[in-house]
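*Asks:* Below is one structure. I have some questions about it.
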């Protein structure tokens, strides 16, 4: 089975469009601000794609572009301006940032109620503690959970193996799966005999940035394989961290690259923007109902 | 090898005593406030042991006892009083709390700079993101890391298996081990075929509250086994979650119960109280040097 992230993303769009329409009818304008500093080419593409999706759904999207030498103080001031602006529901600072800027200081500066990327320590802490309060979650892992749910793949009592323990994908992914009842193994660059772990995975999440790291022989027959990688091969073709052509003959379900995890990341960002919009306007929405 | 937590704890006491003496000579009085609501018998013992250890080290210890029917509003007001009190460096609210009180609201109320138990979402988030900023950590996992370091057991590239994924022990323990370079597997009540995981563990952490859950056959020969359990058996004897008498013949290193993890938990609390005292008095201490 091929897990069609692109198709699912399109399918979820119509629900979100209707939601935005209803919000606007209630006088609420969902608004996302994306701040990009410098000219990293991949970041430019990501920001453009987020902007396009927001426009498509009817979400107001503001892009704030700043030059490569923009100072940390000025960036913090810009964030604070949007923290104070009650018309804004989500603030995203595109990473990576130029080296003169301390990423963790920037992440902490974003108002928790507008942290649409879920990177602030308090949101991360709530995720890792399986809090019953509201928290935002990193968009890629959130999108993967949405795919699993949609394809009726229940992580409870399964063995989920995470390859790559980044703060943006691997770590929050493991926390979400643990919260959903999976047994979770985190592997990474220091892991000895990686395939001894991946071969026991019922759900295998690969997010390393190493093209074709995971071969068919690393996969348990019937497993669900989620490939977060986006790499260019020697011919300039976009490929994942999984050797898809061979892996798909072993896996029970697998995401392609492109068209798998990528579209769902942006969908999660939009879902989370709407969630934060609704939370900020709880009282108005209660009156409407 | 028997990992002697009690002995190590006593050994660390003398260093901490000297540290307290130096702080007091600089006009700084380390001060810990422990708040206990109700009359849970185990909590009474824990609070008494923490108080005794603090007194032994020269740390000023205040115990605030409140009745079982104490209200959440009054508890939050008491915490806020100590948040404002600059002479106090650590605030600990003994868990569990009576059912009329929302634990997470109480934990969030403690000033991050005084959260000596490391339970606040922001501290948890920093731990789980391997932040390079300061954060407090739950005391039992912190104590276990101190033991591993002291006994020259380096988690890097080892397989660490956590049995029991509580927010107080299992989850932060896994994060500390992951941050130290281990491959980490979280197992719990839903895990199928638990021993298939435990038998591959180079470092096995057991924190379930189930007496003698882990048998000798569940342990990889030569593994390090850390037993966080504190259970009473049918004869009223204190026993761990590991069948110690048999397990010690298989394990390479093992903690006894009592005398293993327990004393190190209180030692961590004292270390963390001193860390927060020094952070709060950075400027004075810089002048002294």
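Quick note: the coordinates plus some simple rules give every number you see, no bench work behind them. Keep in mind it's a predicted model, so treat the numbers as computed, not measured. A quick note on method: Cβ atoms are made from the backbone with ideal geometry, for glycine too, and the neighbour counts reach across all protein chains shown.
*Asks:* Sorted from shortest, what are the nm distances separating the label point of residue A:87 from equivalent points in the other copies, each placed 7 Å from Cα along Cα to C-beta?
*Replies:* Result, one decimal in nm: 5.2.
*Asks:* Using the beta-carbon distance between residue A:29 and residue B:210 and R0 = 51 Å, what value does 1/(1 + (r/R0)^6) give for FRET efficiency, to the nearest 0.05?
*Replies:* E(calc), rounded to 0.05, equals 0.45.
*Asks:* Here is a further query. Can you give the percent of C-alpha pairs in region A:13-121 whose distance is more than 26 Å?
*Replies:* 18
*Asks:* FRET efficiency for residue B:44 and residue B:105, Cβ-Cβ distance as r, R0 = 25 Å, nearest 0.05?
*Replies:* Calculated value: 0.60.
*Asks:* Also, I was wondering about something else. To the nearest µm²/s, what D does Stokes-Einstein give for region A:120-228 at 37 °C and 0.692 mPa s, using the Kirkwood radius over alpha carbon pairs as Rh?
*Replies:* Taking Rh from Cα pairs, D becomes 234 µm²/s.
*Asks:* Sticking with this structure for a sec: Please report, to one decimal in angstroms, the Kirkwood hydrodynamic radius of chain B built from all distinct Cα-Cα pairs.
*Replies:* 19.8
*Asks:* Using Cα atoms only, what is the angle between the long axis of helix B:261-280 and the major principal axis of chain B, expressed in degrees (0 to 90) to the nearest 10?
*Replies:* Approximately 30 degrees, to the nearest ten.
*Asks:* Sorted from largest to smallest, which semi-axis lengths in Å does the alpha carbon gyration tensor of the protein assembly as shown give for its equivalent ellipsoid, taking the root of 5 times each eigenvalue?
*Replies:* 41, 32, 22
*Asks:* Using a label point 7 angstrom from Cα along Cα-to-C-beta, what distances in nm, from shortest up, separate residue B:48 from the other copies?
*Replies:* Relative to the other copies, residue B:48 has label-point distances of 7.1 nm.
*Asks:* Follow-up. Please give the FRET efficiency for residue A:84 paired with residue B:245, using the beta carbon to beta carbon distance and R0 = 45 Å, rounded to the nearest 0.05.
*Replies:* After rounding, the FRET efficiency stands at 0.10.
*Asks:* If one computes P(r) from the Cα atoms of region A:170-289, what percent of pairs lie at distances over 17 Å?
*Replies:* On the way: 4491 of 7140 pairs.
The share of Cα pairs beyond 17 Å in region A:170-289 comes to 63 percent.
*Asks:* Tell me what chain B gives for mean residue ellipticity at 222 nm when only DSSP H runs of n ≥ 4 count, each as -39,500 (n - 2.57), the sum divided by the residue total, rounded to 500 deg cm²/dmol.
*Replies:* Working: 11 runs with 124 residues, N = 289.
When only DSSP H runs of four or more count, the value is -13000 deg cm²/dmol.
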